[in-house]
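The values are calculated or read from the model by the stated rules, or taken from the named source; none is laboratory data. This one's a predicted model, so the numbers in the text were calculated from it and none came from an experiment. All Cβ positions, glycine included, derive from the backbone under ideal geometry; neighbour counts span all protein chains shown. In case anyone asks, the SASA skips ligands and DNA or RNA and just uses the protein heavy atoms, side chains included. Shrake-Rupley method; radii C 1.70, N 1.55, O 1.52, S 1.80 Å.
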Amino acid sequence: MATQDLLIPKSTVSFSVYPAAALPSSYKNVKVLGIIDDTTARALGLSVQEKHVNVYPSLPAGTPDDPTAYMYVRIQHPSGEFEILGLPWIRESTIVSMNFETLYAKISQVKPDDYEHILALLAANGYDHVELSAKPL
């Protein structure tokens, strides 16, 4: 699967990049705003040629030595900042979708003493955004 197929507009993702010396090594919970060409990247403020010179030495062999030969992704950080990255700069194997859902579960015959135990079990498995409420039977 191609990198741009994993970066779906309006999705939230985390990933790392090759040029860690020129960019942050990882991007956490960034929103994908769109896949764009080099002309649009320049119009949005990315100095394509300057950035390419800085990141190219750390890219995998076979990456075109021409910043106009590949596509870019525009992202928004959780802080609200925008950034544009070349698709070849992203380590495809590290792209993880961070889209979340809410799960509703019904557990019958629970005693009030069980609440803390259930919360502890969920927290021990990484689920720490939990709300419990009870309805009498």
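How do R91, R42 rank by accessible surface area computed with a 1.4 Å probe, from largest to smallest?
Sorted descending by solvent-accessible area, the residues read R42, R91.
With a 1.4 Å probe and all protein chains left in place, how much accessible area per residue does the chain have, in Å²?
In whole numbers, the chain has 69 Å² accessible per residue.
Using only alpha carbon pairs under 8 Å that are at least six residues apart, calculate the relative contact order of region 1-73 and give it in whole percent.
Computed value for region 1-73: 32 percent relative contact order.
Check the straight Cα-Cα distances from K28 and name the lysines below 19 Å, setting aside those fewer than 8 residues away within the same chain.
Reachable lysines: K10.
Enumerate the amide H contacts of S11 below 5 Å, restricted to partners 5 or more residues apart or on another chain; note that Pro and chain-start residues carry no placed amide H.
The answer is V32.
Near K106, which aspartates and glutamates are there with a Cα under 15 Å away, not counting those fewer than 8 places off in the same chain?
By straight Cα distance, K106 reaches D114, E131.
So how exposed is D38, as accessible area in Å² (1.4 Å probe, rounded to 10)?
20
At a Förster distance of 41 Å, what's the computed FRET efficiency of V130 paired with N54, Cβ-Cβ distance as r, to 0.05?
Once rounded, the FRET efficiency stands at 0.40.
Could you grab the relative contact order for the chain? Cα pairs under 8 Å, six or more apart, rounded to a whole percent.
Here the relative contact order equals 27 percent.
Multiplying the sequence separation of D5 and A120 by 0.36 nm and subtracting their Cα-Cα distance, what value in nm do you get?
Answer, rounded to one decimal: 37.6 nm.
Under a 1.4 angstrom probe, counting protein chains only, how are K135, K51, K31 ranked by accessible area, largest first?
K135, K31, K51
Calculated from DSSP H runs of 4 or more alone, at -39500 (n - 2.57) each and per residue, what is the 222 nm mean residue ellipticity of the chain, nearest 500?
-5500 deg cm²/dmol
Among the aspartates and glutamates, which fall within straight-line cross-link reach of K31, defined as a Cα-Cα distance under 17 Å, with same-chain neighbours fewer than 8 residues apart omitted?
Within the straight-line limit of under 17 Å, K31 reaches these aspartates and glutamates: D5, E81, E83, E92, E101.
Among Q76, Q109, Q49, which one shows the highest mean-square fluctuation when the chain is modelled as a Gaussian network with alpha-carbon springs under 10 Å?
Its mean-square fluctuation being the largest, the pick is Q109.
Short version: what are the Cα gyration tensor semi-axes of the chain, square root of 5 times each eigenvalue, largest first, in whole Å?
Rounded to whole Å, the semi-axes are 43, 15, 12.
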